[in-house]
Amino acid sequence: VLQNLSQTPVLRELLKEAKKPGTSVKIESPELSTEPQLIKLDQPGPLTLAMYQFLMEMQDTKKGVVTPKELFAQVCKKAIRFKGYQQQDSHELLRYLLDGMRAEE
């Protein structure tokens with residue numbers, strides 16, 4: 001899931017902009033042919049910042065292995081079910097990760 005998210009340019013760019021508090025971001029969707037949306041972003045929360053840092057590390061070609069320790073810690077704070085390193089479904093991680101980031105907006 002995290003490798004797929006790291007290859008999503010729109011997400012990386014949005015998180016880069018979200019890192020700067022008080023920024024407005026224009027989101028356009030040519031395939032939906034709707035009006036562009038202008039969204040004002042507040043200070044990002046700890047989960048959003050951890051996701052941004054993780055994605056930047058994934059894009060750094062000099063790093064061999066990337067460990068999402070801080071991101072995992074932030075996910076565990078939002079969803080206790082992930083503590084303890086038990087087997088979880090990837091779609092559950094994706095849901096909790098994106099819902100957690102949305103709740104920090």
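The values are calculated or read from the model by the stated rules, or taken from the named source; none is laboratory data. Note that the structure is predicted; figures quoted are calculated from it, not measured. Neighbour counts are summed over all protein chains in view; Cβ atoms, including those assigned to glycine, are modelled from backbone coordinates with ideal geometry. Just the protein is used for accessible areas: all its heavy atoms, side chains included, with ligands, DNA and RNA removed. Shrake-Rupley method; radii C 1.70, N 1.55, O 1.52, S 1.80 Å.
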Which numbered condition Asp42 misses (of (1) outside any helix (DSSP H, G or I); (2) under 21 Å from Tyr96 (Cα atoms); (3) in contact with a strand residue (DSSP E or B) (Cβ under 9 Å, 6 or more places away or on another chain)): (3)
Contacts under 6 angstrom Cβ, first residue in the range 27-39 being over 15 Å from Glu17 (Cα atoms), partner modelled with pLDDT under 75 and part of a loop (DSSP other than H, G, I, E, B), 6 or more apart: Pro36/Glu28
Residue that is least open to solvent (accessible area, probe 1.4 Å) [pool: residues in the range 80-105 that are touching a residue at least 24 places away in the same chain (Cβ under 8 Å) and not in a helix (DSSP H, G or I)]: Glu104
Residues within the range 64-79 that are loosely packed, with under 11 Cβ neighbours inside 10 Å and either aliphatic (A, V, I, L, M) or touching a helix residue (DSSP H, G or I) at 6+ places or on another chain (Cβ under 7 Å) (or both), tallied: 1
Residues of the range 35-58 satisfying the condition of being surrounded by 16 or more Cβ atoms within 10 Å (Cβ to Cβ) and over 19 Å from Thr8 (Cβ atoms): Gly45
Evaluation of Glu13 against (1) assigned to a helix (DSSP H, G or I); (2) touching a Ser or Thr at 6+ places or on another chain (Cβ under 7 Å); (3) not hydroxyl-bearing (Ser, Thr, Tyr) (one fails), failing number: (2)
Any hit, the range 68-79, residues being under 16 Å from the mean Cα position of the chain (by Cα), part of a loop (DSSP other than H, G, I, E, B) and not charged (D, E, K, R): yes
Counted residues, the range 1-42 - those being modelled with pLDDT of 70 or more and either small (Gly, Ala, Ser) or touching a His at 6+ places or on another chain (Cβ under 9 Å) (or both): 5
